[in-house]
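The values are calculated or read from the model by the stated rules, or taken from the named source; none is laboratory data. Keep in mind that this is a model prediction, so the values were computed, not measured. Please note: Cβ atoms are built from the backbone with ideal geometry, for glycine as well, and neighbour counts cover all protein chains shown. Each accessible area value is taken on the protein alone, full model and side chains, heavy atoms only, with ligands, DNA and RNA left out. Shrake-Rupley method; radii C 1.70, N 1.55, O 1.52, S 1.80 Å.
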Amino acid sequence: MDDLVTRLARLQVSSLSDADKTLPVCDPAIHALIPDVTLVGTAFTVRADGDLLGMIDAIGRAEPGTVLVVATDGRPLAASGELFATEGRRRGLAGIVVDGFCRDLRGIRRVGLPVYARGTTPAAGPALGPAVVQEPVPFGGIEVRPGDLVFGDDDGLLIAPPERIAAAVDRAEEIERVEAEVAAAMRGGRSLHELTNAPEHLRAIAAGEPSTFRFQP
């Protein structure tokens, strides 16, 4: 798992998604509150359906390298904020992702822990419970189970079982290698069409013939 996390941290989420287009991507409305971050870690799931007790329980139990994956059932209340982010950073968590809202945005930015949410609101709920953690939760249109891998950057979040992600990593690394060669050639003055099979692909598609678009630096 450590090797997989290290390899993912060097990749873009878009490359992994291209490598296996069936991997589940979360609702793009859930976005990074801090720019220029990469988030990789195993899911520690939490329910915060208008109540914070699950977050209080989870932030004290989650292991270093994990990501709190917080389901809110659409409640318009903040499920996380600066203090949870601060404790998450102190405990070595990889990040916090919320299918809902956060608050204390300036504080979260100061802390620097990767946090994802649909937006911000100043209002938060009570801490009366029950505390529900480490159960499958709906998150951003997909079901997330404890131990799934959470992979995020500025483009969004992808969450899947580790074995599914591991099966796509080699291909994702090859995609980035080729795209880096293409980008370097374009900086050197070559055109994008020159570096792909675009002319042949366009002709084949127009003629109803099978064809696959590809880079050829």
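Quick notes on this one:
- In segment 21-41, the qualifying residues are those that are over 11 Å from the mean Cα position of the chain (by Cα) and closer than 18 Å to Arg145 by Cβ, and the one that is surrounded by the most Cβ atoms within 10 Å (Cβ to Cβ) is Leu23.
- Within segment 201-217, if we keep just the residues that are part of a loop (DSSP other than H, G, I, E, B) and touching a Lys or Arg at 6+ places or on another chain (Cβ under 9 Å), the residue that is most open to solvent (accessible area, probe 1.4 Å) turns out to be Glu209.
- Tabulated pairs, segment 203-217, first closer than 20 Å to Ser191 by Cβ, second outside any loop (DSSP other than H, G, I, E, B) and hydrophobic (A, V, I, L, M, F, W, C), C-beta under 6 angstrom, 6+ apart or interchain: Ser211/Ala204; Ser211/Ile205; Phe215/Val178; Phe215/Val182; Pro217/Val182; Pro217/Ala185; Pro217/Leu195
- Only one entry in Glu181, Glu143 is over 18 Å from Ile34 (Cβ atoms) and either in contact (Cβ under 8 Å) with a residue 40 or more places away in the chain or under 19 Å from the mean Cα position of the chain (by Cα) (or both), namely Glu143.
- Strands (runs of 3 or more DSSP E) fully within segment 108-184 counting 3 or more residues that are at pLDDT 95 or above and of a type in the set (A, V, I, L, M, F, W, C): 149-153, 156-160
- Failed item, numbered, when Phe101 is tested on (1) under 15 Å from the mean Cα position of the chain (by Cα); (2) open to solvent by 50 Å² or more (accessible area, probe 1.4 Å); (3) aromatic (Phe, Trp, Tyr): (1)
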